Amino acid sequence: MLDKAKYIIVEKMGCESAILFPSFLQHQYMARMMNAEPKDVISAGMVRFDSIIKGSMMYPKQVVKVICSGGSVSLKIDSSFEEDADIIRKQFIDTE
């Protein structure tokens, strides 16, 4: 899994989707690659994943924490921190 990456949240036809990509790419470039109009990108920033062990010694459970930060200079848009983390978590982590 990626340790640190960039992301954009795109909304089309009422559906919000997260797109994760390497941190060396610009947000604006990725939005163009995904054929997203500037008005379709509702949030952007950096994302980091932390692994936390919860539960008991007998029944440990690994929990992945999604942490969003920053924004995008190239798109002139901020991150919606917790809202973005929820979208990313639902799309990539909690897929069951």
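Only the coordinates and a few stated rules stand behind these numbers; no lab work does. Worth saying up front: this structure is predicted, and the values here are computed from it rather than measured. As a convention, Cβ positions derive from the backbone with ideal geometry for all residues, glycine included, and neighbour counts pool all protein chains shown.
In the chain, the DSSP-assigned H stretches of four residues or longer account for a calculated mean residue ellipticity at 222 nm of -4000 deg cm²/dmol, using -39500 (n - 2.57) per stretch and the full residue count as denominator. Placing unit charges on each Cβ (+1 for Lys and Arg, -1 for Asp and Glu) gives the chain a dipole about its Cα centre, and among 10, 77, 22 the Cα reaching farthest toward its positive end belongs to 22. Computed about the Cα centre, the dipole magnitude for the chain is approximately 260 debye when only Lys and Arg (+1) and Asp and Glu (-1) carry charge, each at its Cβ.
Compactness of the chain is given as radius of gyration and Dmax, 14.5, 50 Å, from Cα positions. 3J(HN,Hα) couplings calculated from phi for the stretch 20-32 with the Karplus curve 6.51 cos²θ - 1.76 cosθ + 1.60 (θ = phi - 60°) are, in sequence order, 9, 7, x, 5, 7, 8, 7, 4, 4, 4, 5, 4, 5 Hz; Gly and Pro show x.
Can you work out the FRET efficiency for the pair residue 58 and residue 92, with r the C-beta to C-beta distance and R0 = 35 Å, to the nearest 0.05? Could the numbers behind the result be given before it?
Details: r = 29 Å, r/R0 = 0.82.
So the FRET efficiency works out to roughly 0.75.
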